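The values are calculated or read from the model by the stated rules, or taken from the named source; none is laboratory data. This structure is a prediction, so every number in the text was calculated from the model and none was measured. Please note: Cβ atoms are built from the backbone with ideal geometry, for glycine as well, and neighbour counts cover all protein chains shown. The accessibility values were calculated without ligands, DNA or RNA, using every heavy atom of the protein model including side chains. Shrake-Rupley method; radii C 1.70, N 1.55, O 1.52, S 1.80 Å.
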Amino acid sequence: MNIELPNNIRHILNQIPRSFVVGGFVRDSILGVRNKDIDVEVFGISFAELNVILSRFGKTNLVGQNFGVIKLTIDGDEFDFSIPRRDNSNGLGHRDFDIELCPDITLEEAARRRDFTINALFFDPRTNEIIDPFDGLSDIKARRLRVVDRSTFKEDPLRVLRAVQFAARFNLAPDRELISLADEALGSFDAIPKERVWNEFEKLAVKGRFPSQGIKTLLLFGWLSHFPEIGNLLSCEQEPEWHPEENVLFHTWHCLNHLVTLDAFKMADRTGRAVLFFAVLCHDFGKPSTTEIRKRKGVDRITANGHEQAGVPFAEVFLRRIGTPNEIIDKVKPLVGNHLAHLQANTKRAVRRLSLRLAPATIDELITVIEADHGGRPPLPAGLPKEATFLRMIARDLDLESDIPKPILKGRHLIDKGLSPSKRFGSILHAAFEIQLDGGFDDEASAVEWLTNNWNELNEL
């Protein structure tokens with residue numbers, strides 16, 4: 001099988017015997033997924049010898065020397081070259097390994113340290129042959145996630161979360177042994193550095209094309225006990241008329257699956273995708289604490305009044321537990337707390353104030369969350385609710401799709417009226433901004449006119 005490689009890297013590999021492309025690039029090429037990260041493993045020579053050879057082709061960086069990795073930059077592209085190694089665990093943590101470079105081991109021995117069979121593939125560019133010592137090709141075909149070696153897998157509990165994001169990215173189902181190993185590793189979660197937890201969740205959010213499969217895998221593993229904000233959704237029922245998909249967890253993974261099909265998500269950058277993903281994942285975290293049965297016209301109805309704001313603290317606790325950066329948390333929280341705002345934001349005044357409540361998130365991002373939420377109720381039709389369409393129309397008219405209102409009246413206007421700078425400035429400008437938000441004026445001329453007409457009253461603040 002031929003795998004397409006850039007000409008510059010193929011040229012180098014053709015001149016280095018026993019050099020093989022390994023891991024993710026091979027896997028993704030087979031799956032038809034674009035991947036620009038190319039890792040090469042070189043057998044039969046030492047680290048120092050490899051560095052001398054690579055220096056002939058471009059700039060080398062030995063930042064990964066402790067792991068036997070050399071970064072080679074040629075034509076602006078960076079590639080990782082490494083010497084085969086053995087990782088010997090000396091603890092429970094992700095970094096608790098002794099690294100032993102072993103250039104003379106076999107390909108099978110080198111592949112044994114890898115986590116899953118789909119990642120234990122080698123490509124020989126000289127023969128266009130895929131070398132598959134652990135039958136990873138069959139697992140790819142069967143969409144099965146299987147460990148390479150039970151004993152080495154158990155050495156690093158982070159691999160459980162890697163399984164989750166791989167399941168979401170490639171629509172893979174864990175086999176029975178992997179489920180058993182994940183269960184055995186359940187008590188090791190706290191040994192995983194928080195930044196590594198975030199790395200795996202971010203990949204789930206940014207790269208997952210089948211996000212529900214990732215959440216289902218957490219459920220199969222029993223690891224939702226570490227994330228009760230998600231786990232509690234499974235037993236939370238919903239009103240069948242509005243949610244025929246049954247419980248809130250089912251609704252959430254339908255929402256996530258719909259989200260990744262939306263153009264707004266596809267076009268977002270890495271941070272933007274993470275914001276949208278976690279806003280949708282967390283949007284109903286408040287339902288378990290607010291759901292109750294109420295009689296309406298003599299009929300029992302399931303309600304969750306106030307679940308939007310109730311979900312905000314649950315979302316923050318969850319996001320901090322997985323190491324989410326503050327810039328993402330700060331945008332997810334208002335999106336969760338306002339994901340039903342389109343039902344009330346139907347005037348210019350309401351939309352102006354909504355844009356401020358959402359900041360630093362935007363109405364554009366909220367519209368995407370609303371559309372994902374609305375599309376997570378099969379067999380009910382997807383699309384954007386008419387109320388959200390009206391919200392977007394008003395936001396466009398006000399130029400507030402991705403911005404917030406800026407105060408028109410400034411301190412200089414007060415100085416022009418003869419007022420010296422003082423603490424009163426803040427009170428007057430705050431009152432003016434409130435009037436602006438209510439539509440009392442919308443440009444500088446009308447703002448100055450309003451100031452003149454109300455000067456005596458304002459001067460008493």
So which aspartates and glutamates can Lys71 reach, going by Cα to Cα under 14 Å and dropping same-chain residues fewer than 8 places off?
Asp37, Asp39, Glu41, Asp80
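Kirkwood-based Rg over Rh for region 383-461 (C-alpha set), two decimals?
Working: Rg = 15.9 Å, Rh = 14.1 Å.
In region 383-461, Rg relative to Rh is 1.12.
Over region 321-390, give the accessible area per residue in Å² for a 1.4 Å probe, as an integer.
On the way: 2790 Å² over 70 residues.
Using a 1.4 Å probe on heavy atoms only, each residue of region 321-390 averages 40 Å².
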To the nearest µm²/s, what D does Stokes-Einstein give for region 137-222 at 37 °C and 0.692 mPa s, using the Kirkwood radius over alpha carbon pairs as Rh?
256
Relative intensity, log₁₀ I(q)/I(0), of the chain from a Debye sum that treats every alpha carbon as a point, q = 0.08, 0.12 Å⁻¹:
-0.62, -1.05
Quick one: in region 215-259, what % of C-alpha pairs are over 14 Å apart?
50
Considering region 143-279, what Rg and Dmax in Å follow from its alpha-carbon atoms?
15.3, 49
Stokes-Einstein D for region 227-291, Kirkwood Rh over Cα pairs, 10 °C, 1.306 mPa s (µm²/s)
127
Percent of accessible area on the chain owned by carbon and sulfur, 1.4 Å probe?
49
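Starting from the Kirkwood Rh over alpha-carbon pairs, what translational D in µm² s⁻¹ does region 1-158 have by Stokes-Einstein at 4 °C and 1.567 mPa s? Intermediate results must be reported in sequence, preceding the final value.
On the way: Rh = 16.2 Å.
It comes out at roughly 80 µm²/s.
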With an 8 Å cut-off on Cα pairs and a minimum separation of 6 or more residues, tell me the relative contact order of region 284-383 in percent.
20
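Sorting check: for 286-296, 108-118, which peptide has the highest mean count of neighbouring beta carbons within 10 Å, and how do the rest follow? Please report the intermediate quantities before stating the final value.
Working: 286-296: 15.1, 108-118: 21.1.
So the order, starting with the most tightly packed, is 108-118, 286-296.
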Can you classify region 93-202 as rounded, prolate or oblate using the Cα gyration tensor, where a ≥ b ≥ c are the square roots of its eigenvalues, rounded means a/c under 1.5, and otherwise it's prolate if a/b beats b/c and oblate if not?
oblate
Overall form of region 37-90 per C-alpha gyration tensor (a/c, 1.5; a/b vs b/c)
prolate
For the chain, what is the relative contact order in percent, using Cα pairs closer than 8 Å and at least 6 residues apart in sequence?
9
The pairs in Lys216/Lys386; Lys36/Lys207; Lys295/Lys386; Lys141/Lys216 lying past 22 Å Cα-Cα in this model are Lys216/Lys386; Lys295/Lys386
